[in-house]
Amino acid sequence: MSAALRIINPGACTTVQDLGRPGQAHLGVPVSGALDDYAHRVANWLVGNPPSCATLEMTMVGAEIEVLIPCQIALAGADMDLVINGQPMLQWQSYVVNKSDRIRLGLAKNGCRTYLAVSGGIDCPQVLASRSTCLSGRLGGYEGRMLKAGDILACGRPAATEYTKRRLPWSPRYTETIVVRAISGPQDDWFTQHNQLFFASIYSLSPQSNRMGCRLQGPAIIRDTNAPENLLSIPIAAGNVQIPADGQPIVLFREQTIGGYPCIATVLSCDLWRLAQAQPGATVHFTEVSLEGGQKISSDWHRFFAAIENSTYYVGVENLQ
Amino acid sequence: MQANTAPSLPLLRLSGERCLLAEYGQEVDAAVNEKVRCIALLLSQAQHAGIDEIVSSYSTLALFYHPEQITIQKLEQLLRECEQKLAQTPVPEARTIMIPVCYGGVFGPDLDYVAQHNKLDAKAVIERHSAVLYRIYAIGFAPGFCYLGGLDESLHTPRLETPRNLVSAGSVGIAGSQTGIYSQDSPGGWRIIGRTPMTLFDADQSEPCPYCAGDNVRFQAVNEETYHAILAGKNA
């Protein structure tokens, strides 16, 4: 537990995140956690951490950070022009850094969020068994808030005594056009006239999107004339596509436990990272899948992760900069 | 489908590939909410493999599950079994949590407004507000924030036109036909009539909230001295 990183410039919205705190919704505490769990898990894998270790999630504009102790780091997610000590470096691979080294990230070129993992994981007090920052509830992470210049972060003890340099042999593509798979419901029967329109339309991601959810702009989805006027607040699942009165869909992430807008569809949990990486202006299209189809895709995705996390792929030093 | 009050309840709704909603109606109804509470209790006591989390709201129960371990057909069967068991298995009665509130003054800057708006005096507002047994229909919006049902109609008051930047944790407010307690410091537009010294959410405790959905709440008017005594006792 030693001071490992000092924030020189925090970027636009940098928070400590892990896999979240599920199981607390009955207390009104949302899951939170890394919005792109794919990049978060890979960043951890690159430095030899289990996926449960906390990383720094940076949104749109990355941070500038001073390294305080020798450690291994990796960045995965949106390309933010990683520079270490003035040298451009590649993301999706691990580096050993030393005291006084400087890590600098810029504007996201493609994708929206980047995860910085450090060997041993970012260490801060656990709140309800998680280090994730819940901004709305002001709990977890670093004092429950976004990082500021001057904040000093500790890291835990690395799992291995020697660093293995790792590189992911591929990287996910963050495209301007995003297709996500969704299951109709829970309130699809409020929109029987517009279900087809919803799945046939192209939406644009609004700049008002944040960790709460993705706001979309496009053809308005209007509820049936015989649908109820109000919905009594219901428990929320990540991926729920809410339709407020103006008909512009909002895809919820993991920062809300109950909600009062009807939801026409729910994005598969394994496709939420695609929305987490969508930049404002990106186009979003929903494809309908059945429950059985969605469960199979989702289960396969979980197996894929288990396979990555159990693999020991690494490259020789000569291949690394 | 909406007008469904027939025996085919609950209405099952898919909320993605890992969450099933069971809807027992679309009304704010204490009996329905009690049924939801009891089924949630029975299900969570049984600790079925594959069910991660059970969350209840007004008239809806959410089951978060692992499709690798349990099917929705099985979940539906479990829900129906629980419903049948309700007649035979007594479930613990809902608790009543007493919440001391110091009304008015610096703690309740809008008490006089609420009184004027409803053509009452402040004393009557306090009496009516603390006379009712409120039911917690849901917890959400913020950690520990409870949605209470049962506010006396003569106390209904619209929200502030401009929300305050900071409302202190423990503040008791009225918004339209709702009453509630701010569980943590936050911005807010409810009319604040008092404050409780009780902590309503503490993540460091094994039970972070003093109540859960389905419990009842009663407000107990206390004076400033008692308020400070409780606060001092809590921090001792």
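Every number in this text was worked out from the coordinates using simple rules, so none of it is lab data. Just so it is clear, the structure is predicted and the values come from calculations on it, not from any experiment. With ideal geometry, Cβ positions are generated from the backbone for all residues, glycine too; neighbour counts draw on all protein chains shown.
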- line: What the Cα atoms of chain B span along the principal axes, largest first and in whole Å, is 56, 44, 35
statement: Helix A:37-46: inclination vs chain A longest Cα principal axis, degrees, rounded to 10, gives 20
- prompt: What do you get when you divide the Cα radius of gyration of the stretch B:11-88 by 2.2 N^0.38 Å, with N the number of residues?
  reply: 1.02
task: For chain A, give the magnitude of the charge dipole about the Cα centre (Cβ charges: +1 Lys/Arg, -1 Asp/Glu; no others), in debye to the nearest 20.
output: 660
message: What does the structure give for A:286-299 when I average, per residue, the other chain Cβ atoms found within 10 Å of the residue Cβ?
response: 3
- prompt: In peptide B:50-62, how many Cβ atoms from other protein chains are near each Cβ within 10 Å, on average?
  reply: 5
- line: the protein assembly as shown, Kirkwood Rh and Cα Rg, ratio Rg/Rh at 0.99
message: Suppose a student asked you for the relative contact order of the stretch B:1-150, using Cα pairs under 8 Å spaced at least 6 residues apart; what percent would you report?
response: 17
- prompt: How big is D for the stretch A:174-321, in µm² s⁻¹ as a whole number, if Stokes-Einstein is applied with the Kirkwood radius of its Cα pairs at 37 °C and 0.692 mPa s?
  reply: 199
- prompt: Which number do you get for Rg(Cα) / (2.2 N^0.38 Å) in chain A?
  reply: 1.02
- line: From fewest to most C-beta neighbours within 10 Å, the residues A:Thr225, B:Thr60 line up as A:Thr225, B:Thr60
statement: Here the stretch A:15-83 gives, from Cα atoms, an Rg and Dmax in Å of 13.5, 43
- prompt: Mind checking which helices in chain B clear 15 Å along their axis (Cα) and have mean Kyte-Doolittle hydropathy of -0.5 or more, DSSP H runs only?
  reply: B:30-46
message: Using only DSSP helix segments of four residues or longer, with each worth -39500 (n - 2.57), what per-residue ellipticity at 222 nm results for the protein assembly as shown after dividing by its residue count and rounding to 500?
response: -5500 deg cm²/dmol
task: Kindly put A:Met60, A:Met89 in sequence by how many other C-beta atoms sit within 10 Å of each C-beta, fewest to most.
output: A:Met89, A:Met60
- request: Before anything else, pin down the relative contact order of the stretch B:27-96: Cα pairs under 8 Å, at least 6 apart, normalised by residue count, whole percent.
  value: 32
- line: Length gained if B:Lys123 through B:Thr162 is fully extended, taking 0.36 nm per residue and subtracting the Cα-Cα distance, is 11.4 nm
statement: Per 10 angstrom bin, beginning at 0 and ending with the bin that holds the maximum distance, the Cα pairs of the stretch B:96-235 fall in percents of 13, 47, 35, 5, 0
statement: Partner shielding of B:132-145, as the mean number of partner chain Cβ atoms within 10 Å, equals 5
message: Using a 10 Å cut-off around each Cβ, can you sort A:Cys13, A:Cys214 from fewest to most neighbouring Cβ atoms?
response: A:Cys13, A:Cys214
statement: For the stretch A:124-257, one quarter of the surface area of the C-alpha convex hull, expressed in nm², comes to 12.5
message: Kirkwood Rh and Cα-based Rg: tell me the resulting Rg over Rh for the stretch B:192-236, rounded to two decimals.
response: 0.99
task: Express the relative contact order of chain A as a whole percentage, based on alpha carbon pairs under 8 Å and six or more residues apart in sequence.
output: 20
